[in-house]
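The values are calculated or read from the model by the stated rules, or taken from the named source; none is laboratory data. All values derive from a computational prediction rather than experimental measurement. Glycine also receives a Cβ, built like all others from the backbone with ideal geometry; neighbour counts cover every protein chain displayed. For the accessible areas, the whole protein counts, side chains as well, though only heavy atoms, and no ligand, DNA or RNA atoms are used. Shrake-Rupley method; radii C 1.70, N 1.55, O 1.52, S 1.80 Å.
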Amino acid sequence: MQRSLQKVKTKKARYDWNSTKRWFKFKYLLLLRAKGGPSKVARGFSIGLAVEMFTLPTAGFAFLLIFPLVYLLRANFAGALIGFVFGKVIYIPFSILNKQVGNWLVPKHFKVYLIHHLPHVLSNIIRSGLDLIVGGMVVGAALGIIAYFPVMLLLRYHSNRRKEKRRIRKAQLVASDTNE
């Protein structure tokens, strides 16, 4: 009787990584089959990458630019988020380039003018981040344009490879049906 009253300890179930792998594969297939094809996804990736290059100095407000840019350029939002995350990975090495390009483009007297004519809070932000913001916009736009073509070609390659595999499988099934 006492045995039935005792709680039976069960092992805690481990996380099933196969379900996560299947989810990522499913989302990847959705990207490959997105309406508009690989060019729409590549456009989204480029937008996300370009916006990420000047998001950090703007304290994350530039992220809000993704929504109208995706809508106006008719890009894929999921592709834009992937590009945004990829931009976070490569931001640190590019921040040095962003700062240098910003120093070349922003005139010295312009910074002084803005510092004296803006409220104190904004002048501190401008003093520290204007070079990064301007350089990030230029470098981000260049990176977005450059990244568009390899991403589009890679997506086309993968979708064509999948189509070819399906065609071969279908031909094998038809051949096996005729043999029976």
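Let's test the formula: R0 of 22 Å, r as the Cβ-Cβ distance of ALA171 and ASN18. What FRET efficiency results, to the nearest 0.05? The pair ALA171/ASN18 has a calculated efficiency of 0.10.
Strictly over 28 Å apart at the Cα level, which of LYS40/LYS99; LYS88/LYS165; LYS25/LYS88 would you flag in this model? From LYS40/LYS99; LYS88/LYS165; LYS25/LYS88, over 28 Å: LYS40/LYS99; LYS88/LYS165. Relative to the longest principal axis of the Cα atoms of the chain, the long axis of helix 17-32 lies at roughly 70 degrees. Considering only LEU81, ILE92, TYR157, the residue lying farthest towards the positive end of the dipole of the chain is TYR157, judged by Cα position with unit charges set on Cβ. For the chain, the solvent-accessible area with a 1.4 angstrom probe is 75 square angstrom per residue. Rolling a 1.4 Å probe over the protein chains gives LYS111 an accessible area of about 40 Å².
Ranking ILE168, SER39, HIS116 by how far each Cα lies toward the positive end of the dipole of the chain (charges on Cβ) leaves ILE168 at the top. Structure remark: mean-square fluctuation, Gaussian network model of the chain, C-alpha springs under 10 Å; the largest value among ASN103, ASN160, ASN76 belongs to ASN160. Tell me, what % of the accessible area of the stretch 84-163 is carbon and sulfur with a 1.4 angstrom probe? Accessible surface attributable to carbon and sulfur in the stretch 84-163 totals 76 percent.
Of the whole protein surface, ILE92 contributes about 120 Å² of accessible area at a 1.4 Å probe radius. When percent of Cα pairs over 24 Å apart is calculated directly from the model, which label among (1) 57; (2) 36; (3) 45 fits? For percent of Cα pairs over 24 Å apart, the calculated option is (1).
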